[in-house]
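What follows is a short report on a single structure.
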Amino acid sequence: MSYKRNISLVLMGLLVGLGLFAAALPVWAHSSTTVGPYVLVVGWVNEPPIVGERNAILLIVSHEETGEPVTGVEASLDAEVIYGATTFRANLNPGPIPGEYTLDLIPTVRGQYDLHLFGTIGETEVEITVEPEEVFAAARLQFPEAPPDTLALNEQITTLTIELQQARTLTFVAIAIGIIGLGLGLVSLLRKK
């Protein structure tokens, strides 16, 4: 009985240890895709990506079969970051670890950015678009009080600009009506004399 109990305790200890080890591993919000004999992993260098903070899109290229890193990709593969209808073309910069490449940028708007990769890796043609993790507003991590959201401020400024234009138009119309009224009053006064 004691032998079975000891085995049970050891197994439970191992399971708890494995669970703690797994919980301590970093969690990447990277996406992985296979292109020919290569695996491409895309994500952000600093996660979660935050509006207004310097960051970089990370591209890791390796051989699918061996897992070996692929170097020299920056010479044959082009990259564009796409947000809505806006495109930002930039160079892939080799990282400190072979097979890693970065594309530096400061995301200025929250939402989903796309990475469009085109060109070749070795002899393999590459034409893919991948989505790294969504960019979040800085308010998500700011403490104790978040500054106003720039996107919301821009929308308010646009609304106020339209309202100001309407107020100016109404002011000019009111001044014109006042001048016409003064003119009619003056004409009426001169006719009586």
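Pairing residues of region 31-55 that are touching a residue at least 40 places away in the same chain (Cβ under 8 Å) and under 16 Å from Tyr101 (Cα atoms) with residues that are outside any loop (DSSP other than H, G, I, E, B) and of a type in the set (Phe, Trp, Tyr), at Cβ distances under 8 Å and at least 6 apart in sequence or on separate chains, gives Asn55/Trp44.
So which residues in region 50-75 are of a type in the set (Asp, Glu) and in a helix (DSSP H, G or I), if there are any at all?
So in region 50-75, the residues of a type in the set (Asp, Glu) come out as 53, 64-65, 68, 74.
Hit for region 50-75 is Glu74, nothing else.
Here Phe143 passes the criteria (1) touching a strand residue (DSSP E or B) at 6+ places or on another chain (Cβ under 7 Å); (2) aromatic (Phe, Trp, Tyr); (3) part of a loop (DSSP other than H, G, I, E, B) except the one numbered (1). Of the residues making up region 84-127, those that are in a strand (DSSP E or B) and of a type in the set (A, V, I, L, M, F, W, C) number 9. With respect to (1) touching a residue at least 12 places away in the same chain (Cβ under 8 Å); (2) out of contact with any strand residue (DSSP E or B) (no Cβ under 6 Å at 6 or more places or on another chain), the lone exception for Leu92 is condition (2). Among all positions in region 149-169, there is no residue which is over 30 Å from Ser31 (Cβ atoms), assigned to a loop (DSSP other than H, G, I, E, B) and of a type in the set (Lys, Arg).
No lab work stands behind these numbers, since they all come straight from the coordinates. Every value quoted in this text rests on a predicted model; they were computed, and no experiment measured them. Cβ: placed from backbone, ideal geometry, glycine included. Neighbour counts: every protein chain shown.
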